[in-house]
Structures are given as C-alpha cells and as structure tokens.
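Just below is one structure, and these are the notes that go with it.
The values are calculated or read from the model by the stated rules, or taken from the named source; none is laboratory data. Bear in mind that the values here come from a model prediction, so they are computed numbers and not experimental data. No Cβ is skipped: glycine too gets one built from the backbone with ideal geometry, and neighbour counts run over all protein chains shown. For the accessible areas, the whole protein counts, side chains as well, though only heavy atoms, and no ligand, DNA or RNA atoms are used. Shrake-Rupley method; radii C 1.70, N 1.55, O 1.52, S 1.80 Å.
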Amino acid sequence: MTADSTVTEPNAAKDISTIAADIAIVGGGLAGSLAASVLARAGHRVALVDKRAVPVDEFRVEKIGGHQLEIFRRLGFIDALAKAGSPYDRVLNVREGKVVDVSVGQAYGLPYADLVAMARGQLPDPSTLIVDDVTAITASDDIQHLELASGLRIDARLVVLATGMAGALGYKLGIRRRVLAERHSVSFGFTIARRDGAPFDFDALTCYGERTADGVDYLSLFPVRTGMRANLFMFRDPTDPVMRELRRDTEATVLRLLPGLQNFLGDFHVTDRVQNWVMDLSVVEGHLQPGIVLIGDAFQTNCPAAGTGVARLLVDVERLCTEYAPRWLATAGMGTEKISQFYADPDKIAADQQSLKMARFRQALTSRNDISWDVRRRLHFLRRSITHRVDQMRPGWLAQVRSALRA
C-alpha cells in the first residue's frame with residue numbers, strides 16, 4: 001500500500017507536526033540510505049531520519065568489489081558508484097617481500113562519506129531525508145509512532161532500524177546486544193603518498209602479516225580520490241603499546257610489522273589523520289517485535305578484516321526492500337508473523353553465518369601459532385602462489401578451471 005503524497009506532507013487528520021509514511025528508516029548511514037533510496041524509487045512513502053544533513057567522514061567501508069558489485073547493479077546503484085569511486089582491477093598480493101599472486105576484478109575505492117552521499121543522492125525527493133534525532137518509538141501490530149527531538153512526529157507502518165552499533169533506541173525497545181567476541185579486531189585507516197610525488201608501481205596492493213606474534217592480518221592499499229588509501233587489519237589487544245605507535249609513528253611501525261613491504265612502497269609518508277576502530281563481534285536478541293526490523297550492523301556486527309560487512313548489509317537491503325517490505329505493505333497489519341519472514345530468509349541467514357565464520361577464520365589464520373594452523377597457513381599461501389605461477393605460464397588456465405567448476 002503506497003500513497004501519492006510525499007513523505008513530508010502532514011497528515012490532515014492529525015497535528016501539523018505529524019508526518020505520515022509507509023516506512024520510517026532510522027539511521028542515514030550506508031544501510032539506511034541505500035534502503036531509503038530503493039524503497040522511495042519503488043514509490044513508497046519513506047522518511048529517512050538522521051542527525052546529520054551531510055555524511056560524516058568516518059572510517060568505515062572504503063572499498064567495494066567482487067559480488068558486492070553485482071548486488072549494487074541489481075539495486076540500480078552501479079552507475080552512481082562508478083562515478084563516485086576510484087576504479088581499479090588488479091591487486092598485487094604480497095607476503096614476506098614476495099608476490100603471492102595477483103587478484104583481477106573490478107573494484108572501487110572511496111571514502112565512506114562519499115559512499116553514503118552516493119546512496120542518498122539516489123533519493124527521488126531530497127526532502128525524504130529528515131535531519132533530526134529519534135528519541136522514542138512506540139510499536140504495534142498496525143502503526144508505529146516515532147517521536148523526534150524537534151517535536152516532530154512520524155507515523156509509519158514499518159520502522160527500519162539502521163542505527164549501526166548505536167543501541168539506545170533498541171535498548172528502550174527491549175532489544176539487547178550479545179557480545180560474541182569482545183575487542184575481536186582492530187583496524188587502522190590512513191592515506192599515503194611517495195615523498196618524491198611519484199605514483200606507486202601498483203594499482204592496489206595487499207600485504208599479509210608475516211609473524212603470528214604481530215597479530216597483523218593484512219594491509220590493503222587501494223586508490224581513492226585523495227590518494228592511496230591504507231587499511232590495516234589486526235587481531236591484537238587494543239591496549240597494546242603498538243597501537244599508540246601506529247598512531248604516532250605510522251610509517252616506521254608499519255614497516256616494522258611488515259618488513260617485506262618496503263620494496264613495494266619506497267619512501268612514503270602518511271598524508272592525513274590516522275583513524276582506528278575496535279570491533280566487537282555481536283548479535284542482537286529480543287529483536288522480533290511488531291512493526292520493527294533491524295538491518296546491517298544494527299542486527300549483527302562484522303569483522304572488517306573478513307570483508308563480509310558490506311555483503312551482509314547489501315543482502316539485508318535487497319531482501320527487505322525488494323521482497324519483504326513491498327509485500328508486507330500490500331496487506332493490513334505489521335505483526336511479528338510478517339517481520340519474522342525477513343529474519344528467516346535463507347539468503348540473510350547464510351550471509352550472517354558466513355560473516356561470523358570468516359571472522360573466526362581470519363583471526364585463526366592470523367594469530368594461531370599451533371602446529372596445525374602453522375601448516376594450514378603455509379599451505380594456504382603456497383597453494384595461492386603455485387596457482388599464480390601456473391596461470392602465468394598458461395594464461396587463462398585459472399579462469400577456465402573456475403568456469404568448469406561453476407558449470
């Protein structure tokens with residue numbers, strides 16, 4: 001059920017400060033902004049509520065590639081993404097100063113703020129975005145009532161919580177976050193350049209950690225509009241002195257942790273502020289409630305090193321906004337029997353489980369120093385190196401094998 005009026009039009013039967021909507025989305029980060037654009041372009045009345053009119057420059061998602069691009073294409077964002085991002089299609093993968101292999105495939109690097117701005121830019125009506133703060137939600141099997149800090153009120157049939165790890169609203173609703181792994185990983189983000197101003201000799205590069213004691217999974221280097229972006233992923237105690245060293249003397253500390261990197265970077269320096277993020281792995285409980293659905297990090301957090309966070313988010317957005325929400329709105333009511341369908345979706349469940357599986361795998365592959373994992377680690381990189389060498393001798397061999405396996 002959709003209406004012709006825009007979301008910002010007051011409901012004549014109510015106070016003038018009340019907005020009527022089909023769907024209210026709380027949180028205008030990547031998940032919320034993508035969901036709002038998909039739903040609004042499908043003709044639904046959407047109210048997207050966020051505290052900021054302009055996306056903040058946070059250290060979050062900074063590259064998009066692989067299967068993620070196919071979902072962006074299906075959702076209708078691929079052209080806007082290509083315009084906003086810096087493209088690259090080859091990644092040099094190295095370890096201990098040697099080339100492991102080369103990854104080939106289209107990808108884009110861009111700051112998180114640009115990514116969110118791209119998603120918001122696809123809204124048919126800019127007034128869909130309401131710059132305000134939701135202070136309370138009253139949920140029911142029919143209409144959900146949202147109270148905003150400004151005194152404005154929104155009445156909507158469905159509320160989508162896309163608030164990331166901010167849990168104040170969820171807590172008021174009785175939703176709790178259960179931590180599966182506290183301080184699971186630490187990530188650093190910064191931009192680098194060669195001191196002589198020359199370009200680097202690679203389009204993009206990934207350098208893997210060399211010693212389990214260092215807790216370094218990998219350093220990913222890729223282009224963004226401001227230069228060569230560096231994302232460093234570690235499994236190490238956030239209170240360890242090396243974290244302070246990474247912020248204060250980034251260049252020397254990175255080379256100490258990844259000595260084989262020097263040959264590929266030359267004389268480089270950090271050109272902007274070093275940002276870091278400590279991530280807990282967590283899931284929510286008590287989330288099955290009438291009229292409310294959680295997506296992205298609001299439902300489950302991810303390990304940044306695993307690279308599954310955006311894929312999970314996109315699956316949530318695609319399944320909710322193209323399958324479930326339109327069908328729910330076509331009939332009366334918004335009880336838990338409808339909401340539960342989304343949480344039981346096989347694609348969503350698979351994405352959630354794969355995310356947790358990869359988080360644990362990356363940590364073990366990086367940090368476990370027992371014999372079995374040491375052997376597994378050596379075989380992992382040896383297999384990749386041999387495959388790469390064979391593909392160099394017989395170009396196209398690897399693509400043929402993969403095609404045959406998919407057939």
Some residue of the stretch 195-210 being in contact with an Asp or Glu (Cβ under 8 Å, 6 or more places away or on another chain), surrounded by fewer than 22 Cβ atoms within 10 Å (Cβ to Cβ) and of a type in the set (A, V, I, L, M): no
Elements of type strands (runs of 3 or more DSSP E) in the stretch 23-121, at least 2 residues being touching a Lys or Arg at 6+ places or on another chain (Cβ under 8 Å): 86-95, 98-109
Qualifying residues in the stretch 143-177 (those that are under 20 Å from the mean Cα position of the chain (by Cα) and assigned to a strand (DSSP E or B)) - the one surrounded by the fewest Cβ atoms within 10 Å (Cβ to Cβ): R177
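Name the one entry in D196, D217, D203 that is within 23 Å of the chain's Cα centre (by Cα), assigned to a loop (DSSP other than H, G, I, E, B) and either in contact (Cβ under 8 Å) with a residue 60 or more places away in the chain or farther than 27 Å from F381 by Cα (or both).
Numbers: D196 fails: within 23 Å of the chain's Cα centre (by Cα); D217 fails: assigned to a loop (DSSP other than H, G, I, E, B).
Exactly one of D196, D217, D203 is within 23 Å of the chain's Cα centre (by Cα), assigned to a loop (DSSP other than H, G, I, E, B) and either in contact (Cβ under 8 Å) with a residue 60 or more places away in the chain or farther than 27 Å from F381 by Cα (or both), namely D203.
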Where S150 falls short, out of the listed (1) out of contact with any helix residue (DSSP H, G or I) (no Cβ under 8 Å at 6 or more places or on another chain); (2) within 18 Å of A36 (Cα to Cα); (3) among the polar types (S, T, N, Q): (2)
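Does P87 satisfy the criteria of being open to solvent by 20 Å² or more (accessible area, probe 1.4 Å), at pLDDT below 95 and at negative phi?
Values: open to solvent by 20 Å² or more (accessible area, probe 1.4 Å): yes; at pLDDT below 95: no; at negative phi: yes.
When the stated conditions are applied, P87 does not pass them.
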Inter-residue pairs, beta-carbon under 8 Å, first surrounded by 24 or more Cβ atoms within 10 Å (Cβ to Cβ) and in the stretch 314-329, second assigned to a helix (DSSP H, G or I) and modelled with pLDDT under 95, 6+ apart: none
Pairs, first assigned to a helix (DSSP H, G or I) in the stretch 361-387, second of a type in the set (S, T, Y), C-beta under 6 Å, six or more apart: S367/T212
Counted residues, the stretch 132-142 - those being open to solvent by 40 Å² or more (accessible area, probe 1.4 Å) and either in a strand (DSSP E or B) or without any contact (Cβ under 8 Å) to a residue 24 or more places away in the chain (or both): 2
Residue tally, condition in contact with a Lys or Arg (Cβ under 6 Å, 6 or more places away or on another chain) and of a type in the set (G, A, S), over the stretch 336-359: 2
Enumeration of residues in the stretch 71-81 that are within 17 Å of the chain's Cα centre (by Cα) and open to solvent by less than 40 Å² (accessible area, probe 1.4 Å): I71, F72, L75, F77, I78, L81
The stretch 304-331, subset at pLDDT below 95 and either of a type in the set (D, E, K, R) or part of a loop (DSSP other than H, G, I, E, B) (or both), residue nearest to A350 (Cα to Cα): T308
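Can you tell me which residue in the stretch 286-303 is modelled with the lowest pLDDT, limited to those that are among the β-branched types (V, I, T) and under 12 Å from the mean Cα position of the chain (by Cα)?
From the stretch 286-303, those among the β-branched types (V, I, T) are 292-293, 295, 301; that's our starting set.
Still in the running and under 12 Å from the mean Cα position of the chain (by Cα): 295, 301.
Values: I295: 98, T301: 95.
Within the stretch 286-303, the match that is modelled with the lowest pLDDT is T301.
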Scan of the stretch 94-131 for residues that are of a type outside the set (D, E, K, R), more than 18 Å from the chain's Cα centre (by Cα) and crowded, with 20+ Cβ neighbours inside 10 Å, ordered by number: V94, V100, T128, L129, I130
Unmet requirement for A305, which otherwise passes all of (1) open to solvent by 40 Å² or more (accessible area, probe 1.4 Å); (2) among the hydrophobic types (A, V, I, L, M, F, W, C); (3) touching an Asp or Glu at 6+ places or on another chain (Cβ under 8 Å): (1)
